[in-house]
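Okay, so here's the structure we're looking at.
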Amino acid sequence: MSDDSYRNPRAIVPDQEDQLTSHHSESARYGRQRMSASRRRPLWPLYLLILLLALALCGSIYMDWQARQQLQDRLHHQAGTRADLDQQLNQLTQQVKQQRQQLSNLSAALQSRPEVAPEELQRLQQAGTRRDDTLQSLQQSQQALDKSIAQLRQIMTGRQEGVQKRFNDLQEGISQLSEAASSRDQRLDTLNERLGQQQSALEQLDQESSQLSTLSDQVSQLSERNRELNRQIEGLKQRQTSLEATQASIQDLINSSEVE
């Protein structure tokens, strides 16, 4: 200390201005300490908040991507199902066309089929012709026989001599007549066999008539099956319409998600 301080005791005690100055300096120092303390506060909560926001954003993006993938998978599945249904519809359409073709063929066959087959009719005509020829031959034989008998009678009445010879001739004529009669019997048996064949042909025609009735039953069954196939086609068309509506709603959802 200087000599003036010893000389002036009041110089040791600070005055009011000095106190104000010191108080102001302390306040300024305290404010600087608070500012430095506020500047030194750690920033990791802010970083953590930013990280959480980034994670939430990534999670939202991932969930949106996953939902879009699910919608696309459903769309592909619906497209595959629609393709399968289109294929089934085409197959059913082909079956219906085949059934209709078969029905038309059967109808044409039933309409064009005569009551008697042409081959059978021709065979029957040939059998009738042979029967007429046989009858004509029998008539000719009968006429020849009658003529022979008449000649024999003329011989018997006209000639009394040579009775034995004439008797032998008569025996010979009788044997000829017996042969002719046996031949006629054989021809009659043949005619009976042919008549039996004709009866068999008539029975076969009856069987063909029953087959025609069976074909008519088959036509009715095919018609019923055709109606059933038409009902199935209508059901498939309704399912296809529902699938198209579902696909349209899914496409709208995809478009709305892309807009968002």
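The values are calculated or read from the model by the stated rules, or taken from the named source; none is laboratory data. Please read all numbers here as calculations on a predicted model, not as lab measurements. Here Cβ is always computed from backbone atoms with ideal geometry, including for glycine, and neighbour counts include all displayed protein chains.
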If we ask which residues in region 38-71 are more than 30 Å from Gln251 (Cβ to Cβ) and modelled with pLDDT under 85, their number turns out to be 10
Across (1) under 21 Å from the mean Cα position of the chain (by Cα); (2) over 28 Å from Gly80 (Cα atoms); (3) at pLDDT 85 or above, Gln197 clears everything bar (1)
Sole miss for Leu205 among (1) surrounded by 11 or more Cβ atoms within 10 Å (Cβ to Cβ); (2) modelled with pLDDT of 85 or more is condition (2)
In region 212-241, anything under 15 Å from the mean Cα position of the chain (by Cα), surrounded by 13 or more Cβ atoms within 10 Å (Cβ to Cβ) and within 15 Å of Gln88 (Cβ to Cβ) is listed as Leu229, Gln232, Ile233, Leu236
